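What follows draws every value from the coordinates through simple rules; no lab data is involved. Given the structure is predicted, the values throughout are model-derived calculations rather than measurements. Virtual Cβ from ideal backbone geometry, glycine too; neighbours counted across all protein chains shown.
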Amino acid sequence: MPNQSLNEHLESLKIDEQHRESGRGRTPRWLWFMVIVALVVLAGWAGVNTLRSPEVTTARVVGMEVHEAAAVLVASGYIVAHHKIEVSSKIIGKVLWIGVEKGDFVKRDQILVRLEDPEYKANLLQAKGNYDAMAAAYEKMKNGSRPEEIDRAKAQMDQAKASMDVAKVQLDRSASLVHDDLISKSDFDNAQANYNTARANWQSSVKTYDLARIGNRAEDIETARAQMVQAKGQLDYAQTQLDATEIRSPVDGTVLDRLVEKGEMVTTSFVGDRGAKSSVVSLADLNDLLVELDINQNDFARVKEHGECTVVADAYPDKKYKATVFEISPEANRQKGTVQVKVKVLNPDGLLRPEMNAKVNFLSPAGGETKSTEMLIPKSAVFQSDGKSVVAVVEDGHAVFKPVTLGDITGESVRVTAGLSGSESVVTGNPQALQNGQRVRTR
């Protein structure tokens, strides 16, 4: 009995199979191991992703208080090129080649258009041959006879002298014979004629020898020289005509319009839209721009000669350009009741284009001013996006794009008149390569 009670007590202490099965609902150790491994992998991936984030260089925004002259008048006008050039041809010809397109920048003396030139080359060859002949004739006249020619003239003179001496001896003999009636009078006359002929030949050879020895007359030499100079002028003209088949740019500038095409005729005079063209290319220097304004006569007193201004183009409202009053028309427009004023842009940057709309602020010369707070950032921090000036600001390790309004550019820095608070750090050096909101690492 006691042993049976003991066995029953021991049996009551054993774990029931049902309870053993319920114990299997606990999380297995291998599952905990897998969770730990996944967390380690995710942490490593995050670390690698952080290392892959681009490293950028930043600069702190510098705030500054700006004092500007107050505007006494605001007027709207159009940007125009100070000097617009219609490049024309000096000769008549057919376009063989044209090497520019609208908007191209060209340098001075750069070839814009080539015309066909076979006839001009032929004219040059003919003029050169004529000049060479005239030059040779002048040199011959100037240098006189060669030594060989002088020697030949002297030999001919000596030969004529000998012939004359023989004729003289025969004449003397005939004179004595005719005196003694040994020869007829006609034989004597023949001897006299032979002597006279020989004497004339000798005198002629003496003159020829003298001319060969002393050279040509000064008048003949000057005539030959003048003929050579005339031939040189014809040669230079033919060369100029040939050179004119290459139409070159007279200045550094930008092509505003291309006026001819290959195969079209160009001429030296205007003959209409459907005929030959007189101009081939339209050029302007976009670094020399004016704003043309019509100022109402009631406001004209506020415009001062050489007064300071600022220009803001409608296409770039966030950019302000320094300017000055350049030209005031000496007479008003009676019909409009206005006076034309031209303002010169002092710091064009390649963005302004002729015929753009622009507003001009005429600044007060009396010392009135306005105060504003502007930021100074590196010029390399600004880039264009959708026609706006944008900077990349680093916030919580991310590059955030912010549009800004720009002011003057000074060296490598640019003023920001709106868009920043002054406490930011902006990305410098190719910020446009980033994506808006992209994670970055700052250097």
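Summary table below
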{"quantity": "Neighbour net charge for Leu211 - beta-carbon separation under 13 angstrom, K R +1, D E -1", "calculated": "+2"}
{"quantity": "Dipole magnitude (debye, nearest 20) for segment 145-215, charges at Cβ of Lys, Arg, Asp, Glu", "calculated": "320 debye"}
{"quantity": "Student exercise, segment 59-138 dipole from Lys, Arg, Asp, Glu Cβ charges, in Debye to nearest 20", "calculated": "140 debye"}
{"quantity": "For segment 211-321: span of alpha carbons on each principal axis (Å, largest first)", "calculated": "89, 41, 28"}
{"quantity": "Tail weight of P(r) past 15 Å, computed on alpha-carbon pairs of segment 63-147, percent", "calculated": "80 percent"}
{"quantity": "Space enclosed by the convex hull of the alpha-carbon atoms of segment 344-443, per residue, Å³", "calculated": "136 Å³"}
{"quantity": "Amide H contacts of Gly429 (H built 1.01 Å from N, under 5 Å, at least 5 apart or other chain)", "calculated": "Ala381"}
{"quantity": "Overall Cα dimensions of segment 55-209 - principal axes, largest extent first, Å", "calculated": "141, 48, 38"}
{"quantity": "Cβ crowding within 10 Å averaged over residues, with 398-407, 86-95 ranked highest first", "calculated": "398-407, 86-95"}
{"quantity": "Residues listed by number, segment 195-228, amide nitrogen under 16 Å from Lys140 label point at 7 Å toward C-beta", "calculated": "212, 215-217, 220-228"}
{"quantity": "Whether segment 291-347 is rounded, prolate or oblate, judged on the alpha carbon gyration tensor where a/c under 1.5 counts as rounded", "calculated": "prolate"}
{"quantity": "Viscosity 0.692 mPa s, temperature 37 °C, Stokes-Einstein D of segment 145-215 from Kirkwood C-alpha radius, µm²/s", "calculated": "249 µm²/s"}
{"quantity": "Sorted by Cβ neighbour density within 10 Å, fewest at the top, the residues Phe362, Phe300, Phe188", "calculated": "Phe300, Phe188, Phe362"}
{"quantity": "15 Å beta-carbon shell around Ile221, net charge (K/R +1, D/E -1)", "calculated": "0"}
